[in-house]
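Computed from the coordinates by the stated procedures, all read-outs in this text should not be read as laboratory data. Every value quoted in this text rests on a predicted model; they were computed, and no experiment measured them.
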Amino acid sequence: MLTHLVASILFSANPVSPTIETISLRGGQVLKGEVLKEKDDSIVVDIGIEVVVVPKSQIFKRQAADHEGDAVSTAGPAYGPSAYLYSTQDLPVAPIKELVNKFGEAVVQIRTPSGSGSGFVIDDAGHVITNCHVIEGETQITVDIFEQAAGSIRERSVTGVEIVALTPFFDLALLKLPNADGRKYRQIYLGLIDEIRQGDVAFAIGSPLGLTRSVTEGIISNTQRNVDGQVYLQMTAQISPGNSGGPLFNSRGQVIGVTNMKIPMGEGLGFAIPVNYIVDFLRNREAFAFNKENPNTGYHYQAPPRRRAPLASKPATP
């Protein structure tokens, strides 16, 4: 039966040149086998014991091997960044200073009338991930971008930032930077949750206490830390207020989490929202869509109050 199935597959449509690929699925499973045929919405893979049809919507990353068996770069999600906004890319391990130079421009500072935090750009159209608590209750949002030009850093402030989606439960928010001039923003790539290991090197970039473009390094202390019923990555990279919403990177420069809290008075006890929560949030962003004109969203935002002029000092009563 299996032989007839393979023969039918190979001769019923345009076959591809057989290649061995490692295919990572959204659910964390990994397949390795020979790709026999590729359709618009699926691929047919011989995994040795059987032939399976894999829907492209379920594929997170595909990695092929050349004739010498060396890994080649991946094309990211098969469904494309246009569907879920984010992208993946196979990246080599590199020194942190090189990764900061390469991806630091995609890390931004987020300012509101009541405070500030961090965020990062996930596509060249200007979609930004941050924490919900950074922008919750606010509609006047400014994003500071730090662009590299001629060997120096130029700060540019972007106003008119749109809130696309947010969820207090996962403490995640999706923003959209205006793009009237067709500008291509520098983006960051997401990693895979199943590749994160305890003891892995990790580093954060953000704006702790308003100190923009600050870099801290540490390790992953725990990959499954339960805090109030939600799983977090625990890490030793130092974070402070203002880091919230910024990216946590692995040693390849892939984002593996969003920094969002620490234990007060605890040294090296920081936490980040794992990357799989980011993926689920983006894939289901319609469920978390924000509409400030709709009273059923559960949010009613008003302009911040004007500051009062300081009162004149009165003479002390004898």
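Students often forget the sequence filter, so: which aspartates and glutamates lie under 17 Å Cα-Cα from K262 once same-chain residues fewer than 8 apart are removed?
The reachable aspartates and glutamates, counting only those whose Cα sits under 17 Å from K262, are D171, E217, D228.
Sequence neighbours fewer than 8 away in the same chain don't count; with that in mind, list the lysines whose C-alpha is under 26 Å from K176.
K61, K102, K184, K292
Check V158: other-chain or 5+ apart residues with amide H under 5 Å from its amide H, H built from backbone geometry?
Amide H to amide H, under 5 Å and 5 or more residues apart or across chains, V158 pairs with V143, D144, I145.
May I ask you to list the lysines whose Cα is less than 24 Å away from that of K56, ignoring any residue fewer than eight positions away on the same chain?
Straight-line reach from K56, under 24 Å: K32, K37, K39.
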